[in-house]
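To start, the structure under review is shown below, and the notes come after it.
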Amino acid sequence: MRSSNKYLFSFQIGMQNAMEYRANFFLSILAAIVPIFIQTFLWISVYKNSGNSVVFGYSFAQIIQYTVIAQLVSRFVRTDFEAEINDDIKNGGLNKFIVRPIGYFSHKLCCFLGQKVVNLVVMIILFITSILVLKFSLGVVITGQAMAAFTISLILSLCLNFLIFFCVSTLCFWLNEIGFIFEAVRIIIITLSGGIFPLSIFGSKVVSVLDLMPFKYTINFPVDVLNSQIMGWGIARGLCIQVGWILCIALLANIFWLIGSKKYIAVGG
Amino acid sequence: MDRILKVIKKHIIVYWIFVKNNIMAQMEYRVNFFSGIAMEIGYLFVKLLYVIVIFRSGANINGFTPNQLLVFAGTFIILTGFHAGLFMVNFMSMRTLVREGMLDFYMVKPVSVQFIATLRRSDMGLFVTDVTAGIILVALGVIRMKLSLTILQILGYAMFIACGVAIGYSLFLIPQILTFWFINTSAIGETFNSFWDINNVPMVVFNKWFQRIGIFVIPIFVVTNFPALFILDKMSPLYFAWGLIAPVVAFVLVRLLWKVAIRNYSSASS
């Protein structure tokens, strides 16, 4: 077997999984309609009553675009493997990777990307629909440069989010019970990523602290690139920071995994 | 009358036993208990984001000041405590009860089947977290507005909270009752549950038509908005009357639907 084939197999497993649970992804996207609906009405009220055409640094069209696209992006980059990793660590599922020709990290990454390729089809349809609706209702125009930069930053966000949650999953080596910890961490990370509201609502001081963290580069940055909040060198700078964070967190994930796996006692399996 | 009082007393005693048993069970799995609270604090933080947006924008929303909107947000969080801590934990397991025929066990108990099937479980961690946070927000809003509340206003607020609890219970039980006919209603249930979050913002944010639908057709806005409207002295006589009638109508409807549904129960797996 060629060495690249093993990655392809893991990729295909991810695709098959996503195909099997395609209704689940569709429903999760459907659930995004409620927050979009609520936030749209909230923003209409805020802009109407404040009398300003720019609030938190966004025009009305930009904020509605942010609301819709951020919901789609947050669902697209979302990971769902934390419980699987917990199960593999607690019930000896890692044992089989001792004899498999592929590492656990590479397997999970390929599966994740395979899953996202299937999700991408649904995502593209909804994305195009949203952009068309925004264009005809609010006159939103997306430039070719913004679109290209958004695509690159979205791919990088996907990798960055995978690595962040892989790091979080290594907690299972140290904790006997996980309970709802992953869900609590997920909510905080989504909020700090700008997955619910743009980060500028927190004010400049908090934003300058959040700038030092990797989270905003998973949702806030790609969405701001698309709605032209960030342009020119700002995009190049942001993409470089994304790559930098990917390298740092990949290193961190490996270190955590190495230290954690020393505590692994191969129960069951 | 005496008989009704006896039945109510019996159910209160049984409910207290349920609560004690649930607390003991939760204490066995402490990580679950505390991580559940951490999760709820996370959700609370998300709810507060809506307050942050309103406060930082500095705008009065359709005649309501940010401090008044703080009272709405606090009331919503108090009622979320009842919704998530006392009801949803039961509603989520309704499908399993019906699908696996476990309702049989409850039918032979000397209390109402609806009572035991929809109220036996509770999560005091979620309940206490939300109710405490909600009360703090309401108090903060009231203090910042320098409102001096009378005993009557506080009692009226508590009464409308109770009405909101009754409507919330009835409204969100309906999609779960469909499980008696369709067995797998997870998609309907989950989609309907996401409508709870519509109260993340006060109803004044929505346009008049949505408000009318949300008050008189599917009274979701009555649940969390009416207590706040009452305490802020912004309640019209029509809303006052509907706020008292709606929970009775909703509860009677859900009771009738339950009785029809239970006749349809076929005890699948037993």
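When you look at residue B:32, is it at pLDDT 90 or above, surrounded by 11 or more Cβ atoms within 10 Å (Cβ to Cβ) and part of a helix (DSSP H, G or I), yes or no?
On the way: at pLDDT 90 or above: no; surrounded by 11 or more Cβ atoms within 10 Å (Cβ to Cβ): yes; part of a helix (DSSP H, G or I): yes.
No; evaluated as a whole, the condition is false for this residue.
Which ranges mark the helices (runs of 4 or more DSSP H) fully within segment A:165-241 that have 3 or more residues being surrounded by fewer than 20 Cβ atoms within 10 Å (Cβ to Cβ) and among the hydrophobic types (A, V, I, L, M, F, W, C)?
Details: elements: A:181-193, A:204-210, A:220-226.
It comes to A:204-210.
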Checklist entry - Within the set of pairs 6+ apart or on separate chains, which have a first residue in segment B:82-104 that is closer than 15 Å to residue B:192 by Cα and touching a residue at least 40 places away in the same chain (Cβ under 8 Å), a second that is crowded, with 20+ Cβ neighbours inside 10 Å and of a type in the set (Phe, Trp, Tyr), and C-beta atoms under 6 Å apart? => result B:87/B:169
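Looking only at residues in segment A:57-67 that are under 23 Å from the mean Cα position of the chain (by Cα) and either hydroxyl-bearing (Ser, Thr, Tyr) or at the interface with chain B (Cβ under 8 Å from one of its Cβ atoms) (or both), which one is surrounded by the most Cβ atoms within 10 Å (Cβ to Cβ)?
Ranking the candidates gives A:66 first.
State yes or no: is residue B:102 at pLDDT below 90, closer than 20 Å to residue B:194 by Cα and away from every other protein chain (no Cβ under 14 Å)? Working first, answer last.
On the way: at pLDDT below 90: yes; closer than 20 Å to residue B:194 by Cα: no; away from every other protein chain (no Cβ under 14 Å): yes.
In short, no.
Rundown of residues vs (1) within 12 Å of chain B (Cβ to nearest Cβ); (2) out of contact with any Phe, Trp or Tyr (no Cβ under 9 Å at 6 or more places or on another chain); (3) surrounded by fewer than 16 Cβ atoms within 10 Å (Cβ to Cβ), yes/no style:
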| residue | (1), (2), (3) |
| --- | --- |
| A:5 | no, yes, yes |
| A:11 | no, yes, no |
| A:19 | no, yes, yes |
| A:45 | yes, no, no |
| A:50 | yes, yes, yes |
| A:69 | no, no, no |
Item to check | Single match in A:235, A:255 (criterion: among the aliphatic types (A, V, I, L, M) and touching a helix residue (DSSP H, G or I) at 6+ places or on another chain (Cβ under 8 Å)) | outcome: A:235
Checklist entry - What residue, among those in segment B:94-133 that are closer than 16 Å to residue B:169 by Cβ and small (Gly, Ala, Ser), is surrounded by the most Cβ atoms within 10 Å (Cβ to Cβ)? => result B:117
Item to check | Filter result (surrounded by fewer than 21 Cβ atoms within 10 Å (Cβ to Cβ) and in a helix (DSSP H, G or I)) within segment A:140-150 | outcome: A:144, A:145, A:146, A:147, A:148
Item to check | All positions within segment B:149-194 that are modelled with pLDDT under 85 and either within 14 Å of chain A (Cβ to nearest Cβ) or closer than 26 Å to residue B:51 by Cβ (or both) | outcome: B:184, B:185, B:186, B:187, B:188, B:189, B:190, B:191, B:192, B:193, B:194
Checklist entry - Going by the structure shown, is residue B:12 buried (at least 19 other Cβ atoms within 10 Å of the Cβ) and more than 14 Å from chain A (Cβ to nearest Cβ)? => result no
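For every residue, the table says whether it meets (1) at positive phi; (2) polar (S, T, N, Q); (3) modelled with pLDDT of 90 or more.
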position	(1), (2), (3)
B:53	no, no, yes
B:57	no, yes, no
B:61	no, no, no
B:77	no, no, yes
B:80	no, yes, yes
B:86	no, no, yes
B:90	no, yes, yes
B:96	no, yes, no
Checklist entry - What number of residues within segment B:196-232 are closer than 20 Å to residue A:45 by Cα and within 11 Å of chain A (Cβ to nearest Cβ)? => result 13
Checklist entry - Only one of (1) out of contact with any Gly (no Cβ under 9 Å at 6 or more places or on another chain); (2) touching a residue at least 24 places away in the same chain (Cβ under 8 Å) fails for residue A:47. Which number is that? => result (2)
Next on the checklist: When you scan segment B:58-73, do you find a residue that is in contact (Cβ under 8 Å) with a residue 24 or more places away in the chain, among the aromatic types (Phe, Trp, Tyr), within 24 Å of residue A:196 (Cα to Cα) and not in a helix (DSSP H, G or I), even just one?
Outcome noted: yes
Item to check | Number of positions in segment B:134-154 that are of a type in the set (A, V, I, L, M), assigned to a helix (DSSP H, G or I) and more than 19 Å from the chain's Cα centre (by Cα) | outcome: 8
Item to check | Single residue of A:153, A:137 found to be in a helix (DSSP H, G or I), small (Gly, Ala, Ser) and surrounded by fewer than 18 Cβ atoms within 10 Å (Cβ to Cβ) | outcome: A:137
Checklist outcome for this item: Within segment A:208-251, residues without any contact (Cβ under 8 Å) to a residue 12 or more places away in the chain and closer than 12 Å to residue A:194 by Cα come out as A:211
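The values are calculated or read from the model by the stated rules, or taken from the named source; none is laboratory data. Being a predicted model, the structure only gives us computed values, none of them experimental. We place every Cβ from the backbone using ideal geometry, glycine too, and count neighbours over all the protein chains shown.
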